[in-house]
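Okay, structure first, notes after.
What follows is calculated from the coordinates using simple rules that are stated; it is not laboratory data. As the structure is a computational prediction, the values presented were derived from the model and not from experiment. When we count neighbours, we look across all protein chains shown, and the Cβ atoms used for this are built from the backbone with ideal geometry, even at glycine.
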Amino acid sequence: MKIYHGSILSCDDRNQVYQYLVEDGGRIRFVGDSLPEEYVKEAVTELGDKALLPSFADTHLHFASMALFRSGVSVMDAGSNKDIQERLREFLPKTKSKVVIAFGASPHSVEEKKLLSRTELDEVSTDRPIMVVKYDGHACIVNSALISLLPEKNKSLRGYDADSGEMKQEAFYAATDYVSSTVSVWELMRCMQKSVDFMASRGFGLMHSASGVGFSKDIDVDLERYVARGAECGYQTRLFFQTMDTGKVSNRKLPRIGGCFATALDGCFGSIDAALTKPYEGTSNTGILYYTDEQVTEFCKKANRMGLQIEMHAIGDAAFDQATRALKEALDDYPREDHRHGIIHACFPTKEGIEICRKYKIHIPLQTSFIVWPQEPDWYLRDILGERESALNPLRSFMDNGIVISAGSDAPCTEPDPMRWVHNACNHPETNQSLTVEEALRMSTYWGYWTSFDEKERGSLEVGKIADMVILGRNPLTEPKETLKDIPVEMLILGGLPYSGQKQSWVYLVLCGLFSKKKI
């Protein structure tokens, strides 16, 4: 038994704040303002200026990709392309990987204001293959050594540019497929275990992983099943298979389908291929819709009739409209009261699409990390979108229309950082789109658990629920909103116990994946 006294932020439907919480046997036995007589003689943990609240949920990340890229070198905060080159030179002798991976290059945050090139990567190494993935996860730059290894068929794919070394769209996916094939199963599983510990260090008790890209025979999905079922300390993972092949999902007995990549309806702003109803500023380019309306609608109808939960990537307004129309038609075709279908990102929604989301109860797993994003700054978005830039990420509009919004990192594109999410939601550049601290906390906790049907057991501090909680270094309800991002996560508690790390062997993980009935 453990008793906590201080600021207990329940994140329940009334956002109640209590003074006491009692945990016993991994469950919450009491929350309230005065301790019942039966507990008064027990030891009490005083929170002081800290706060206790539910563990956070990351409702959209690419776990296998994040784990793999975290084994490489991060260049997210690089100030120049020369800096990226130097980091790669320092990293080369430290890794035995067949392909050296860097992640996070942005033309907008380096002094040259352009992506580094194949030539610049060749200056780092001409014999070791190098892939530098863009910050948005939708393109990369490769050196000559890697180009020489790519299959001949890649040259005919959309987005292939050998001169610059940049690979976009289908050429990027194909290059990723090749690089992923060079990673051993053991190495990837080890990276995944380390990444679970990383997520726990940030206060996450649950993550929704969208996987099924770049790995032969979708082995990343199977490995994530093993890691999810074998995870120690009560850590939770829910899998979304990024495919439009519903047979692949049913064969694995997974209840969810979708994500990005094969279920991405458009590109992104970083590559200027997010699908728009009107062209990008000063161009005739309206981006890319990867599928026709008929293809998306057919997919949604089939998946919905199978009882699957559907999520699809849509960044531009044309893609958002395509997603909402397809989900509407699927639900008109086969109504389901509690489907919990979602549209990921939804950066540039339309009024018509928002109305469909409201009426059909479609939720939005969004990324407040995209707000004031150093790798994709506001000035760049204004350059390509003009006045439309002010309409991006309308949190308040979603909320006021009764649309459930949850928070995700889209890792590895951004770092999973829940207090940064809360900060950005409460400090939106368009002030009328900001959320209150209570709303932002509930977005990052309860609604994340709700999106995967976990709210009856987790996501708020209520009697009977599993004691999955975090202790923050300061109370966000009394913190100035300008410094919310600086509040540290001090401890993750799962099932009433402090998180202690993943220590199991890969053999144990595989056995758990094969035989465990743990929810994923």
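Relative contact order for the chain using alpha-carbon pairs under 8 Å, separation at least 6, rounded to a whole percent?
It comes to 20 percent, rounded to a whole number.
For region 255-455, what class follows from the C-alpha gyration tensor (a ≥ b ≥ c being the square roots of its eigenvalues): rounded when a/c is under 1.5, otherwise prolate if a/b is larger than b/c, else oblate?
Taking the square roots of the gyration eigenvalues as a ≥ b ≥ c, region 255-455 is oblate.
Quote the convex hull volume per residue of the chain, based on C-alpha atoms, as a whole number of Å³.
Value for the chain: 147 Å³ per residue.
Hey, how many Å between the Cα centroid of region 453-490 and the Cα centroid of region 18-84?
Here the two parts' Cα centres lie 6 Å apart.
Taking the Cβ of Arg358 as the center, what net charge do the other residues with Cβ under 13 Å away carry, scoring Lys and Arg +1 and Asp and Glu -1?
Every neighbour counted, the sum reads +1.
Quick one: which of 428-435, 392-399, 360-367 comes out on top by average Cβ neighbours within 10 Å, and what's the full order, highest first?
Averaged packing, sorted descending, gives the order 360-367, 392-399, 428-435.
Return a whole-number percent for the relative contact order of region 63-181, with Cα pairs under 8 Å and 6 or more residues apart as the contact set.
20
Alpha carbons only, please: Rg and Dmax for region 1-128, in angstrom.
Considering region 1-128 through its Cα atoms, Rg and Dmax are 25.0, 73 Å.
Using a Cα distance threshold of under 17 Å, what count of lysine pairs results for region 63-181 when pairs must be 8 or more residues apart or interchain?
Within region 63-181, the lysine pair count is 9.
Compute the distribution of all C-alpha to C-alpha distances in region 170-326, in bins of 5 Å from 0, and list the percent of pairs in each, rounded to whole numbers.
P(r) over region 170-326, rounded to whole percents: 2, 9, 16, 17, 18, 16, 12, 7, 3, 1, 0.
Ranked highest first by average number of other Cβ atoms within 10 Å, how do 312-323, 175-186 line up?
Packing proxy ranking, top to bottom: 312-323, 175-186.
Compare the peptides 349-358, 217-226, 128-137 by average per-residue count of other Cβ atoms within 10 angstrom and give them in order, highest first.
Result, highest mean first: 128-137, 217-226, 349-358.
Determine ³J(HN,Hα), in whole Hz, for all residues of region 276-290 in sequence, where each value follows from phi through the Karplus function 6.51 cos²θ - 1.76 cosθ + 1.60 and θ = phi - 60°; x replaces Gly and Pro.
10, 7, 10, x, 4, 3, x, 9, 9, 7, 10, x, 10, 9, 6
Compute the signed sum of charges (Lys and Arg +1, Asp and Glu -1) over the other residues within less than 15 Å, Cβ to Cβ, of Leu47.
Charge balance in the 15 Å sphere: -3.
State the antiparallel share, in %, of DSSP beta bridges confined to region 63-181, rounding to the nearest 5.
The antiparallel fraction comes to roughly 50 percent.
Lysine pairs in region 255-455 8 or more apart or on different chains: how many have alpha carbons under 25 angstrom apart?
14
According to the square roots a ≥ b ≥ c of the eigenvalues of the Cα gyration tensor, what is the shape class of region 127-168, taking rounded for a/c under 1.5, prolate for a/b larger than b/c otherwise, and oblate for the remainder?
oblate
Per the Debye formula with a single identical scatterer at each Cα and no solvent contribution, what log10 I(q)/I(0) holds for region 63-181 at q = 0.11, 0.14, 0.17, 0.22 Å⁻¹?
Each listed q maps to, in turn, -0.30, -0.50, -0.76, -1.34.
DSSP beta bridges in region 255-455, what fraction antiparallel, as a percent rounded to 5?
Around 15 percent antiparallel, to the nearest 5.
Excluding residues fewer than 8 places away in the same chain, name every one of the aspartates and glutamates whose C-alpha is closer than 17 Å to that of Lys481.
Here the aspartates and glutamates satisfying the reach criterion relative to Lys481 are Asp49, Asp417, Glu430, Glu438, Glu439.
Contour minus end-to-end for Gln504 and Glu415, with contour as 0.36 nm per residue of separation and end-to-end as the Cα-Cα distance?
Result for the pair: 29.5 nm of gain on full extension.
Rounded to the nearest Å, what's the spacing between the alpha carbon centres of region 183-210 and region 342-362? Just the number, please.
Between the Cα centre of region 183-210 and that of region 342-362, the gap is 30 Å.
Which of rounded, prolate, oblate describes region 61-104, given a ≥ b ≥ c as roots of the alpha-carbon gyration tensor eigenvalues and a/c under 1.5 marking rounded, otherwise prolate only if a/b is larger than b/c?
Since a/c reaches 1.5 but b/c is at least a/b, the shape of region 61-104 is classed as oblate.
Mean residue ellipticity at 222 nm from the helices of the chain, using -39,500 (n - 2.57) per DSSP H segment of n ≥ 4 over the full residue count, to the nearest 500 deg cm²/dmol?
Mean residue ellipticity, 222 nm, calculated: -9000 deg cm²/dmol.
Normalised by the number of residues in region 255-455, what is the relative contact order in percent for Cα pairs under 8 Å and 6+ residues apart?
Computed over region 255-455, the figure is 17 percent.
Which Rg and Dmax, in Å, describe the Cα atoms of region 1-76?
Reported Rg and Dmax, both Å: 18.1, 56.
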